1. Using the number of other C-beta atoms within 10 angstrom as an exposure proxy, rank K334, K343, K144 with the fewest first.
2. Suppose every K and R has +1 on its Cβ and every D and E has -1 on its Cβ; what is the size of the dipole of the chain about the Cα centre, in Debye to the nearest 20?
3. Mind checking which of P360, T275, S209 is farthest towards the positive end of segment 175-376's charge dipole, using Cβ charges of +1 (Lys, Arg) and -1 (Asp, Glu) about the Cα centre?
4. Taking the Cα centre as origin and putting +1 on Lys and Arg beta-carbons and -1 on Asp and Glu beta-carbons, what dipole magnitude results for segment 2-82, to the nearest 20 debye?
5. What ranking of C130, C300, C92 emerges when the number of other C-beta atoms within 10 Å of each C-beta is taken as an exposure proxy, fewest first?
6. For every helix of n ≥ 4 consecutive DSSP H residues, a contribution of -39,500 (n - 2.57) applies; sum these over the chain, divide by its total residues, and give [θ] at 222 nm rounded to the nearest 500 deg cm²/dmol.
7. Along Cα→Cβ, 7 Å out, is where each label goes; now give me the distance between the ones at A59 and K144 in nm to one decimal.
8. I168: net charge of surrounding residues, Cβ under 12 Å, Lys/Arg +1, Asp/Glu -1, itself excluded?
Amino acid sequence: MNIGVLGAGQLGRMLALAGYPLANRFTFLDTTGHPSAGIGEVMIDTDRKHLDAFLAKVALVTYEFEHLPVSLVQAIEEVKPVFPSSEAIRICQNRAEEKALFDRLGIPTPAYRLVEHADELEAAARELGCPVVAKSVTEGYDGKGQAVLRDPAEAAEAWRSINHPRLIVEAFVDFVREVSIIAVRGREGEVVFYPMAENLHVDGILRYSLAPMPDLDDEVQQTAEGYIRTLLDELDYVGVLTLELFQTRDGRLLANEMAPRVHNSGHWTMDGAVTSQFENHLRAIQGLPLGDTSARQPTCMVNVIGQEGDPAAILAIHDAHLHRYDKSERPGRKLGHVNLLAKSHGELLEKVHACAWLLPEAPEPRFSFEDEFRQGN
Ligand code: AMP
């Protein structure tokens, strides 16, 4: 089966790598003029003239990038099956829609307000109590289009720096850790869940994901599964969905955002789970049985950002798996990731520190459970 993918970055590349054993072939539609998939057939369509040719080649369409015009995805849906649907894209590309859906389904979120003027931003910061995080409702990703206000008096400056007509203002969550849950829903409505991951971000960019967490209560995993299941069922979703959450000191989960696609916080599954998120996405959209999502071993994904470091030294770490995206080095650019596996979380932490040391721009890894874990061992 030839699968059409909207977007042609590293997520598309890894989808294709997972699809070749299933005899899938891939045609990518890139609207940016800068595809990096480096695999399959890539059609560059910056002038919107090649859509018909793309659709003629593919049996069904999926995407690796959600910031696409909804009208484009709706037009494609008239011609070929699209999984997940344009409705998932419409909601996920707008933080206001996303939060409204969370509210409607009873999924807790940080307290928030929507504002359309600097004065309203100031009033919202006062009402919610500083610090607050202001985010553009659309087009933001990897921490871009955001500002933290420590005082309502900073509203005018934050408004100018974000420079967007509509913002969402959220109470700043004093979280213990950031976590995510990835689930997969098949065409018949069957759902499987991966173990949740703890995610370390620096400046809004994911640097490390670790799963399974050594200290996660089953109850918390089940709560997250309940939340993501209601989203999947509500959207009649097919494929991989990611829900990012904050875990608070009292063990509660607050939803931050969701992504209607395979996700960086699920890259650990490529080596650390029985079936990777990429393979399971492809199985789901083709109506095939979903694969086992359990973890093989404690696993940590380390993003390679900006500079490649020394790949040979990284590979010399036992049970280290390097996934390079074949991109040129540039500050802040995601160039690859390393999956580290170990028999115990103690051993895993040692490997993560050794790996971080080999990567020139990697920040210090600090997981929420480290201190407690060291004392206990
Ligand atoms: P986002 O683009 O919404 O995922 O935000 C990027 C990062 O900013 C998150 O991963 C958090 O580290 C931080 N952040 C976003 N919203 C909040 C919030 N309400 N409270 C605390 N930190 C936040």
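Computed from the coordinates by the stated procedures, all read-outs in this text should not be read as laboratory data. Small disclaimer: the values here were computed from a predicted structure and weren't measured. Here the Cβ positions follow ideal geometry from the backbone for every residue, glycine too, while neighbour counts run over all protein chains shown.
1. Working: K334 19, K343 10, K144 13.
Placing the least packed residue first, the sequence is K343, K144, K334.
2. Details: 36 positive and 56 negative charges, 175 e Å.
So the dipole magnitude of the chain works out to roughly 840 debye.
3. Final value for the positive-end residue is P360.
4. Numbers: 6 positive and 9 negative charges, 44 e Å.
Dipole size: approximately 220 debye.
5. Working: C130 15, C300 27, C92 22.
So the residues, fewest neighbours to most, are C130, C92, C300.
6. Details: 13 runs with 117 residues, N = 377.
-9000 deg cm²/dmol, from helical runs alone.
7. With each label point 7 Å from Cα toward Cβ, the separation is 3.5 nm.
8. -1
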